[in-house]
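Since the structure comes first, as structure tokens, the remarks are kept for the end.
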Amino acid sequence: LPDAASAFDSEWRFTYVNPASAIWLGRLGKDAERIIGRVIWDEFPDLIGTPFHDALLRSIAEHRPIEHLACYEPTGTWIEQRVVPLAEGVVTYARDVTERIRLHDALRDEARVLATLQQIGSMVMHFFSRSRWGRTFKLVH
């Protein structure tokens, strides 16, 4: 999906949602047409105190775009979000990057396993090179 875009006025009311944002809202049980004019914190009180909430407030307070990556706990979805302040509100662009995060985590785990196997191999080689079995092994081969 393309980025989900939503706009909010200075009172945190939804003023716009694009089709991608409407799909996300639908997955959360919200009707995109009915949410226009509603306050985000009333519709999504679980956002208060999260990195998403902080990014929205920081963007307004610092008058600059804020980008961040965070997990939306209710769905376990990793979201990359960009918040851009406007003259009277903000616009947000959000992208689901859950698969990218899962792939990154899987590659990191695989690298850890390979590093552990390499350490074990080095320890075994060291053991055999210094032990009676290692000398016997050299004589046989």
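Whenever you get a sec, line up ILE40, ILE23 from highest to lowest accessible area (probe 1.4 Å, protein heavy atoms).
Largest accessible area first, the list is ILE23, ILE40.
In terms of modelled amide H atoms, which long-range or inter-chain residues lie less than 5 Å from the amide H of THR15?
ALA7, PHE8, ASP9, GLY37
Multiply the residue separation of ASP3 and VAL39 by 0.36 nm, subtract the distance between their alpha-carbon atoms, and state the gained length in nm to one decimal.
Residue separation times 0.36 nm, minus the Cα-Cα distance, leaves 10.8 nm.
Could you tell me the calculated FRET efficiency between LEU28 and GLU80, based on Cβ-Cβ distance and R0 = 22 angstrom, to the nearest 0.05?
0.80
For region 11-52, what is the accessible area per residue in Å², given a 1.4 Å probe and the full set of protein chains?
For region 11-52, the per-residue accessible area is 60 Å².
Within region 1-82, what whole-number % of the accessible surface is contributed by carbon and sulfur, with the 1.4 Å probe and all protein chains included in the calculation?
Carbon with sulfur: 53 percent of the solvent-accessible area.
The values are calculated or read from the model by the stated rules, or taken from the named source; none is laboratory data. Note that the structure is a prediction, hence the values are computed from the model and not measured. Because the Cβ atoms are built from the backbone with ideal geometry, glycine has one as well, and the counts that use them run over all protein chains shown. In case anyone asks, the SASA skips ligands and DNA or RNA and just uses the protein heavy atoms, side chains included. Shrake-Rupley method; radii C 1.70, N 1.55, O 1.52, S 1.80 Å.
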